[in-house]
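Quick notes on the structure that follows.
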Amino acid sequence: MPYIKGRTIKELRENKNLTQKQLGEIISVSDKTVSKWETEISHS
């Protein structure tokens, strides 16, 4: 599975005019998770 950088996630989300919360709802994760992906912060 290819790795997508947080910057790309943010760019694609913003191009679709979605908030982090809206994207999270679409893919069944929290807005906090989307934020972590975009800032590339992970503790797992």
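Measuring nothing but protein heavy atoms, the accessible surface of the chain at 1.4 Å probe radius is 53 percent carbon and sulfur.
Take every Cα pair under 8 Å in the chain that's 6+ residues apart, average their separations, divide by the length, and report that relative contact order as a whole percent. Don't jump to the answer; show the numbers that get you there.
On the way: 32 pairs, mean separation 18.3, N = 44.
Here the relative contact order equals 42 percent.
Listed by chain and number, the aspartates and glutamates placed with their C-alpha closer than 13 angstrom to that of Lys32 are Glu40; residues fewer than eight positions away on the same chain are left out. Dividing the Cα radius of gyration of the chain by its Kirkwood radius returns 0.95 for Rg/Rh.
Accessible surface for the chain, divided over its residues, is 89 Å² per residue with a 1.4 Å probe. Using a simple charge model, +1 on the beta-carbon of Lys and Arg, -1 on the beta-carbon of Asp and Glu, nothing else, what dipole does the chain show about its Cα centre, in debye to the nearest 20? Here the chain has a charge dipole of around 40 debye.
The values are calculated or read from the model by the stated rules, or taken from the named source; none is laboratory data. Source: prediction; values computed, not measured. Please note: Cβ atoms are built from the backbone with ideal geometry, for glycine as well, and neighbour counts cover all protein chains shown. Areas reflect the complete protein model, heavy atoms only, side chains present, ligands, DNA and RNA absent. Shrake-Rupley method; radii C 1.70, N 1.55, O 1.52, S 1.80 Å.
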